[in-house]
Amino acid sequence: MHREEPMNKRPVIVVGAGPVGLIAALALRHYGVPATVLEAQSYGRVRPGSRAIFIHRATLQSLEEISPGLGLELAGEGLVWPIKRTFVRGQEVYAKTYPAPQPGRLPPFTSLPQVRIERYLYQACLSSGVEFVWSCAVQELSAQQDGVRLVTASQEVWDADYVIGADGAHSAVRHGVGISMEGTRSPNTFIVVDVAEDVDHPLPLARVFHYEHPAVGGRNVLFVPFAGGWRVDLQLLPGDDVEQYSGTDGVRAWLPLVMDEAYAERVTWVSTYQFLQVVAQSFVDPFRRVLLVGEAAHLFAPFGARGLNSGVADAVSAASAVTKALRAEDSSQIEHFSEERHQAALYNRDAAGIALEHIQGTSDGMRVKRYIGSILAPVWNDVGRWLDEGPYGPRSGPSQTTKY
Ligand SMILES: Cc1cc2nc3c(=O)[nH]c(=O)nc-3n(C[C@H](O)[C@H](O)[C@H](O)COP(=O)(O)OP(=O)(O)OC[C@H]3O[C@@H](n4cnc5c(N)ncnc54)[C@H](O)[C@@H]3O)c2cc1C
């Protein structure tokens, strides 16, 4: 007897149109597989600010491979700061200049707001024929040997051979397959502020990290320029009243102490975080039909910029595994995806944890090392570099062990 295919049946459904879901869909199209994205929010939604700004070259390279021109386009939109500087208690202990990026080549990184990155990803998805279904929140999910059934908040039913769960930190997909997260939460609170650049009076472009900034009672402060503005992170001390520093009046009180006072009137976004350091117990369900990527699978403190950067690697790897599984009808590639990306996430979580410990200085050992480091740094460049790189965790680059 001839059976009609259900209308809502697709080979692969990506849940979530955040950056990682968009990249998973783009990668599926690159591999020649139809891609459908179900997104809970409505078309044209406003996305939150104060999230990723730093994209590594390896990520730009991956984007270039799945969508030629995209990596270069993002690099052209973002900026590369020419110098990074580190201070301890107001004294400079380290500075490094970067060569100017070469036209037509990928720079070592690019810095631009996540909301702008997402616009480029979305356009690339449209150009490559990704299907989007907006206002479609996945509520329930059941995986079987031969596929996955999704039920949305409006009780629509969708079937797929494979599902890529890119639905963020509170992932309904992850809950649906009963996978939990393991890890910790940072004890300190961070205030993350975005300010718009004053184009008439631009500040000198430099990424600057202050250990124990004297103007704000010895709290750490990080300044990162991005295309169109600045990210300012203030690390509160244990016992600080978060409200006092985070409201509009709170930010207006401390920001002029560390930055040109005109910028207190140019605040575009303020967020307050205690960063989670958690990784899903598994990146796939027992039937090897549901793959978790991005924040559905892991949450890291942002120091070292491992969140979105590793989400891109998850998404491309998941799309490649699903493509091979569809063609060969075997799940060994899905197994491989799961093991490799789980290991990478554990590595990234630990690396971000090292960075957090370095910044927070919560252990006596780290406080002593930082203190001695600040004395030796002016005469010993390697020590200055250690202080400079500490807030980012183990070094990145192909010759090092960093995994994204
Ligand atoms: C302060 C800060 C700074 C950061 N800086 C960096 C950085 O410089 N570099 C870096 O690499 N990373 C950085 N990150 C991390 C980065 O922002 C995240 O890794 C990234 O946003 C994760 O993207 P995602 O697509 O996995 O999740 P999200 O962006 O959360 O997207 C999830 C999507 O799924 C949708 N959704 C949710 N539930 C459902 C459902 N039930 N059904 C359908 N759709 C659903 C949501 O509406 C959303 O569109 C930073 C994070 C923070 C907080």
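The values are calculated or read from the model by the stated rules, or taken from the named source; none is laboratory data. Computed from a predicted structure; not experimentally measured. Counting neighbours? That spans all protein chains shown, and the Cβs are built from the backbone with ideal geometry, glycine included. Please note that ligands, DNA and RNA were not included when accessible areas were found on the heavy atoms of the full protein model with its side chains. Shrake-Rupley method; radii C 1.70, N 1.55, O 1.52, S 1.80 Å.
General remarks:
- Screening A344, A305, A319, A315 for residues that are open to solvent by less than 50 Å² (accessible area, probe 1.4 Å), within 16 Å of the ligand (Cβ to nearest atom) and modelled with pLDDT under 95 leaves exactly one candidate, A305.
- Cross-chain or 6+ apart pairs with Cβ under 6 Å, segment 308-324 first and among the polar types (S, T, N, Q), then away from the ligand (no atom under 14 Å from the Cβ): S317/F337; T323/Y31; T323/V33
Each row is one residue, and each column tells you yes or no for (1) over 19 Å from the mean Cα position of the chain (by Cα); (2) β-branched (V, I, T).
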| position | (1), (2) |
| --- | --- |
| G294 | no, no |
| P302 | no, no |
| G311 | no, no |
| S320 | yes, no |
| E335 | yes, no |
| A344 | no, no |
| V368 | yes, yes |
| S374 | yes, no |
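- Of the helices (runs of 4 or more DSSP H) lying entirely inside segment 1-110, those containing at least 1 residues that are under 20 Å from V163 (Cα atoms) and within 16 Å of the ligand (Cβ to nearest atom) span 19-30, 57-66.
- Scan of segment 6-61 for residues that are within 18 Å of G168 (Cβ to Cβ) and among the basic types (K, R), ordered by number: R45, R47, R51
- In segment 113-129 there is no residue matching the filter, namely being open to solvent by less than 70 Å² (accessible area, probe 1.4 Å), part of a strand (DSSP E or B), out of contact with any Pro (no Cβ under 8 Å at 6 or more places or on another chain) and closer than 21 Å to G311 by Cβ.
Residue by residue, here is whether (1) crowded, with 20+ Cβ neighbours inside 10 Å; (2) within 20 Å of Y94 (Cβ to Cβ); (3) charged (D, E, K, R) holds:
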{"residue": "A328", "(1), (2), (3)": "no, no, no"}
{"residue": "S331", "(1), (2), (3)": "no, no, no"}
{"residue": "S338", "(1), (2), (3)": "yes, no, no"}
{"residue": "D350", "(1), (2), (3)": "no, no, yes"}
{"residue": "P378", "(1), (2), (3)": "no, yes, no"}
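- The number of residues in segment 131-180 that are in contact with a Ser or Thr (Cβ under 6 Å, 6 or more places away or on another chain), under 12 Å from R289 (Cα atoms) and open to solvent by less than 20 Å² (accessible area, probe 1.4 Å) comes to 1.
- Residues located in segment 43-57, provided they are closer than 13 Å to R119 by Cβ and of a type in the set (A, V, I, L, M, F, W, C): V46
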